[in-house]
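So the structure is just underneath, and the comments pick up after that.
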Amino acid sequence: MHTFTTSKKKKLLSYSTLSLIMSFKLLFIHFLVTYMVLSEILFMSFSYATNTNCPSGYPKKGVGVEKEDVDKMQFAVNLEFLEAEYFLWASYGFGLDEVAPNLPMSGPPPIGARKANLDQLTNNIIMEFANQEVGHLRSLNSTVGVFPRPLLDLSAKHFAKIFDDAFGHKLVPPFDPYRDSLSYMLSCYVIPYVGLVGYVGTNPNINGYETKRLLAGLLGVESGQDAVIRMYLYERAAELVSPYQYTVADFTSRISGLRNKLGKCGIKDEGVYVQSPLGAENRTRSNVLSANFGSLSYKRTPAEILRIVYGSGDEHVPGGFYPKGANGKIAKEFLK
């Protein structure tokens with residue numbers, strides 16, 4: 001009995017030692033791979049920086065960031081905070097205060113944000129969007145600076161009101177963006193496009209070459225996000241959105257109609273299906289990408305954007321996503 005116990009202990013000790021060795025090996029491999037990847041990135045960055053075949057593309061003369069550019073680009077920080085928090089909470093279950101605690105600058109946490117009930121595909125999409133938005137805030141901060149995060153209302157109750165306003169009556173039960181993947185992607189249809197048309201509107205008024213590069217980079221990714229959302233919904237356009245008797249296409253048309261109504265500047269927003277006079281070259285009802293008669297992106301001014309995101313139709317009256325108003329010089333001037 002004693003011999004058996006001793007033998008068993010030796011075997012257990014041997015297994016423990018082997019397990020410890022394997023753990024160290026795996027840790028070492030992980031460290032080695034990480035080191036190699038980082039070394040490659042640094043090497044490539046240095047090579048590009050010193051390679052005459054890869055110039056920066058910036059003009060040799062001129063100002064990188066014009067003083068007049070700062071306020072115009074900072075206005076977008078409001079929307080980037082909104083997107084970052086909404087995507088982070090839905091995919092991770094937490095927001096900027098955990099992911100990048102320096103960026104909110106002690107601004108109040110969002111109201112009602114929570115983890116959404118997403119399938120794996122949708123969660124992967126939104127998780128990528130979330131991290132892109134964090135990158136956007138970092139890029140804005142390093143180029144023009146950011147201000148404290150404004151108070152954001154990301155509650156299901158607020159989204160329910162948006163969809164009630166879009167349909168002109170109360171939906172029963174109230175719309176809940178966190179309910180499932182389709183509901184969440186319909187709620188996402190509400191947000192990135194506003195930032196996209198805002199960047200298009202800002203573009204002609206930017207002068208610094210670094211600021212132009214920043215705007216172009218932000219616009220490219222925002223456009224990509226909006227395209228992914230629209231394609232996701234376009235593929236499901238004929239589906240009924242449970243538990244309602246409206247299709248996905250109906251929802252997109254109603255939201256676009258609401259934004260046009262609040263913006264007060266005509267048609268600058270379209271659902272995933274339109275009448276042929278509004279389609280590309282007046283030939284298509286399919287409307288995967290929203291664009292004007294020349295197939296160019298629509299543009300909006302800061303005043304139009306505030307009318308929409310405040311949900312009031314008035315840039316002087318805060319509410320909606322920003323209960324206490326947006327931050328930054330341009331938004332604050334409208335509140336005076």
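The values are calculated or read from the model by the stated rules, or taken from the named source; none is laboratory data. Nothing here was measured: the structure is a model prediction, and the numbers come from that model. Note: ideal-geometry Cβ built from the backbone for every residue, glycine included; neighbour counts use all protein chains shown. Side chains are part of the model used for accessible areas, which takes the heavy atoms of the whole protein and leaves out ligands, DNA and RNA. Shrake-Rupley method; radii C 1.70, N 1.55, O 1.52, S 1.80 Å.
Looking for whichever is under 14 Å from the mean Cα position of the chain (by Cα), closer than 30 Å to ASP69 by Cα, modelled with pLDDT of 95 or more and open to solvent by less than 30 Å² (accessible area, probe 1.4 Å) here; the options are GLU128, GLU80. Which one fits?
Sole residue among the options that is under 14 Å from the mean Cα position of the chain (by Cα), closer than 30 Å to ASP69 by Cα, modelled with pLDDT of 95 or more and open to solvent by less than 30 Å² (accessible area, probe 1.4 Å): GLU80.
Under 9 Å between Cβ atoms, which residue pairs at least 6 apart in sequence (or on different chains) link something in segment 242-267 that is in a helix (DSSP H, G or I) with a partner that is among the polar types (S, T, N, Q)?
THR252/ASN287; SER256/SER290; LEU262/SER312
Quick check on segment 151-160. Is at least one of its residues assigned to a loop (DSSP other than H, G, I, E, B), touching a residue at least 12 places away in the same chain (Cβ under 8 Å), within 27 Å of SER253 (Cβ to Cβ) and open to solvent by 10 Å² or more (accessible area, probe 1.4 Å)?
yes
What number of residues in segment 207-216 are surrounded by 21 or more Cβ atoms within 10 Å (Cβ to Cβ) and either free of Cβ contacts under 8 Å to residues at least 60 places away in the same chain or among the hydrophobic types (A, V, I, L, M, F, W, C) (or both)?
2
Can you pull out the residues in segment 217-237 that are free of Cβ contacts under 8 Å to residues at least 12 places away in the same chain and farther than 25 Å from ASP69 by Cα?
GLU235
Going by what's in this entry, would PRO277 be described as touching a Gly at 6+ places or on another chain (Cβ under 8 Å) and either at pLDDT below 95 or surrounded by 15 or more Cβ atoms within 10 Å (Cβ to Cβ) (or both)?
Here the answer is no, as PRO277 does not meet what is asked.
A quick yes/no check of all residues on (1) modelled with pLDDT of 95 or more; (2) surrounded by fewer than 17 Cβ atoms within 10 Å (Cβ to Cβ):
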| residue | (1), (2) |
| --- | --- |
| PRO192 | no, no |
| LEU218 | yes, no |
| ASP226 | yes, no |
| MET231 | yes, yes |
| GLY257 | yes, no |
| SER286 | no, yes |
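Just a yes or no: is a residue in segment 104-114 open to solvent by 20 Å² or more (accessible area, probe 1.4 Å) and in a helix (DSSP H, G or I)?
The answer is no; no qualifying residue exists.
May I ask you to verify whether PHE81 is touching a helix residue (DSSP H, G or I) at 6+ places or on another chain (Cβ under 6 Å), closer than 19 Å to PHE321 by Cβ, touching a residue at least 12 places away in the same chain (Cβ under 8 Å) and of a type in the set (Phe, Trp, Tyr)?
For PHE81, the condition - touching a helix residue (DSSP H, G or I) at 6+ places or on another chain (Cβ under 6 Å), closer than 19 Å to PHE321 by Cβ, touching a residue at least 12 places away in the same chain (Cβ under 8 Å) and of a type in the set (Phe, Trp, Tyr) - is not met.
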